1. With labels modelled as points extended 7 Å from the Cα through the Cβ direction, what inter-label distance (nm, one decimal) is found for Ser113 paired with Glu289?
2. Taking the Cα centre of the stretch 162-281 as origin and charging only Cβ (+1 Lys, Arg; -1 Asp, Glu), how large is the dipole, in debye to the nearest 20?
3. Work out, step by step, the length gained on full extension between Thr13 and Ser152: first 0.36 nm times the residue separation, then minus their alpha carbon distance; give nm to one decimal.
4. What is the pair-distance distribution P(r) of the stretch 1-74, computed from all Cα-Cα distances in 10 Å bins starting at 0, with each bin given as a whole percent?
5. For Lys55 and Thr42, compute 0.36 nm times the residue count separating them, minus their Cα-Cα distance, and round to one decimal in nm.
6. Relative to the first principal axis of the alpha-carbon coordinates of the chain, what is the inclination of helix 59-70, with its axis defined by its Cα atoms, in degrees from 0 to 90 and to the nearest 10?
7. Could you compute the FRET efficiency for Glu249 and Val227, with r as their C-beta to C-beta distance and R0 at 22 Å, rounded to 0.05?
8. Roughly what would the spin-label model give for Val62 and Phe304, points 7 Å off Cα along C-beta, in nm?
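Every number in this text was worked out from the coordinates using simple rules, so none of it is lab data. Since we're looking at a predicted model, the values are computed, not measured. Ideal geometry is used to build each Cβ from the backbone, glycine not excepted, and the neighbour counts take in all protein chains shown.
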Amino acid sequence: AGPRHLMSIADLTPAEFSSIVRNAAVRKQAVKAGQTPPSLSTSLSGQTIAMMFSKRSTRTRVSTEAAVTMLGGHPMFLGKDDIQLGVNESLYDTSVVISSMTSCMVARVGPHSDVANLAKHSSVPVINALSEDFHPLQTIADFLTIHEAFPSSKPSGPGLGLNGLKVAWVGDSNNVLFDLAIGCVKMGVDIAVASPAGYGIPDKMRQLINSSAEGVSSPGKLSETMVPEEALKGADVLVTDTWISMGQESEQQKRLKAFAGYQITNDLAKRGGAKEGWKFMHCLPRHPEEVADEVFYSPRSLVFPEAENRLWAAVAALEGFVVNKGNLLK
Ligand code: CP
Ligand code: NVA
């Protein structure tokens, strides 16, 4: 069998997903307390991690480079103008060559098939650093953030002890949502999605999200609406993302019009009946049209711890897929 890759949260069993999130939490606590296990900083020593990014990135790039450094490896950033990929060389050739010289490829691409093809031909693990369909590293960080904000009464159960929580996503049905929704279903967290007509979850993706419930004893439920207020009822966490993802720039005018009324504000949360102690999350980068300053810069907002948690998510993903070769329950 070839190496195990991280393409989407859909690739993980609930136990594996919880284990990655818990490991991220353990590493964060230890390092912050000045109790870094000595083996941590040598786990990737002498190894190079290729980072192939065909799109801009702040958090994913910095967190991955910092995580590789923390594990004693060398992060090699390869932007779209640095390598032949896509312009002068095929995915197949690139994948075979780069994987013959490195221990892992972390790739940010356009179509999901690009990262899937890299993985298919790679002799080392490939980690999806954002494709048009999925953003698994973000979802790991998001569940670490939720886990910290809603400490469980059952900290050592098989999941993360988040059953019964409700997430409300108000905005575009995009890559960040899809993995988040899969994570929610697996962790027993209900997720309600409000998107305007024409911007809802594609049928195939809805099937994948709902199929994540298979084998889960009390899966979270996905519900969908076109009315933001409806999604917010009883929600513990309100989440959104940009309305214009990278690659959709030409649709800006059309999208701004379609999403009018979807800005997350205190008034919207109140009208929709979100829980009193509701929190706010956003993967960033953020624009004011999708969430008002009064929410984004308020004590309800988890956005900066959420961004920092990308580092711990990257550490846990690299340990799981590269150091432990996909044996995630170790
Ligand atoms: N959230 C996220 O992936 O941000 P970047 O695009 O800056 O990496
Ligand atoms: N949905 C956004 C996420 C960026 C981190 C995009 O794909 O551009």
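1. Modelled inter-label distance: 3.0 nm.
2. Numbers: 13 positive and 14 negative charges, 31 e Å.
Here the stretch 162-281 has a charge dipole of around 160 debye.
3. Values: separation 139, 0.36 × 139 = 50.04 nm, distance 2.01 nm.
Extending this stretch completely gives an extra 48.0 nm.
4. 15, 38, 42, 4
5. Working: separation 13, 0.36 × 13 = 4.68 nm, distance 3.01 nm.
Contour length minus Cα-Cα distance gives 1.7 nm.
6. Helix 59-70 and the main axis of the chain meet at about 40 degrees.
7. Values: r = 28 Å, r/R0 = 1.27.
Calculated value: 0.20.
8. 1.2
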